[in-house]
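Just so it is clear, none of the values below were taken in a lab; they were calculated from the coordinates. No experiment lies behind these values; they were computed from the predicted model shown. Ideal geometry is used to build each Cβ from the backbone, glycine not excepted, and the neighbour counts take in all protein chains shown.
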Ligand code: DC
């Protein structure tokens, strides 16, 4: 039997930071579901299939089976590791080209169905903190606890900017980053399949004025009570 705690919310609301801290505090594994959507987008871009895919000319199930036959995934306390053709993917998944197309890829029903089944299989036998957009609403509706984080768009853009600078060593303009975040929010919330929304029974936390440690403390107060 596996236990699952879900954390959902829009881009840069603090999900990943909280998920990491919580996984460490509880000693559970981390499922960063956004990485899988980024990964599928990356393979389509890398292998020049994105146009075909967006024009509905690609057999997406066949494509995903082929890609995942060459993929290994490890869930550990610090991160979800994805190895494609024996190479660990890291900064590749955060590239701007990936971010510009990921919402379109993740709106496709066949992609979501495939990844939902894949992630359910993946967590079997482990205790997992699952972080994403539809973890509590669709993938793990029976999770022990569901959290939903929000934060003002300005604060989220600033966090994303800092992240991009630190991790990718890139200087993207604040306006550009904010535009990308707001556009992804709009697409993620308005898509027909598994839109970003507060799952039933979720505890909502606004992280705008909170430090990561504050958020962890609040979340642990619920988890320890339960
Ligand atoms: O959390 P992230 O920024 O790494 O997610 C990247 C994209 O993947 C996000 O814009 C929407 C999509 N996504 C999704 O549709 N469902 C999830 N459970 C996680 C991410």
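Here are the numbers for this structure:
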item	result
Relative contact order (%) - the stretch 151-226, alpha-carbon pairs under 8 angstrom, separation at least six	26
Whole-Å semi-axes of the stretch 1-127's equivalent ellipsoid (Cα gyration tensor)	25, 16, 14
Length-normalised contact order for the stretch 90-218 - Cα pairs under 8 Å, 6+ apart - percent	34
Shape box of the stretch 152-226 [Cα atoms, principal axes, largest first, Å]	43, 34, 19
Sum of -39500 (n - 2.57) over DSSP H runs of 4+, divided by residues of the chain (222 nm, nearest 500)	-15000 deg cm²/dmol
Ranking of 29, 2 by count of other Cβ atoms within 10 Å, fewest first	2, 29
Fraction of antiparallel bridges per DSSP, the chain only, in percent to nearest 5	30
Span per principal axis, largest first, for the Cα atoms of the stretch 50-111 (Å)	37, 26, 19
Projected area, mean over directions - the chain, Cα convex hull, nm²	11.8
By average C-beta atoms within 10 angstrom, highest first, the peptides 177-189, 103-115	103-115, 177-189
Over the chain, relative contact order from alpha-carbon pairs under 8 Å, at least 6 apart, %	34
Size-normalised alpha-carbon gyration radius of the stretch 126-185, reference 2.2 N^0.38 Å	1.42
For the stretch 98-226: rounded, prolate or oblate by the Cα gyration tensor [a/c cutoff 1.5]	oblate
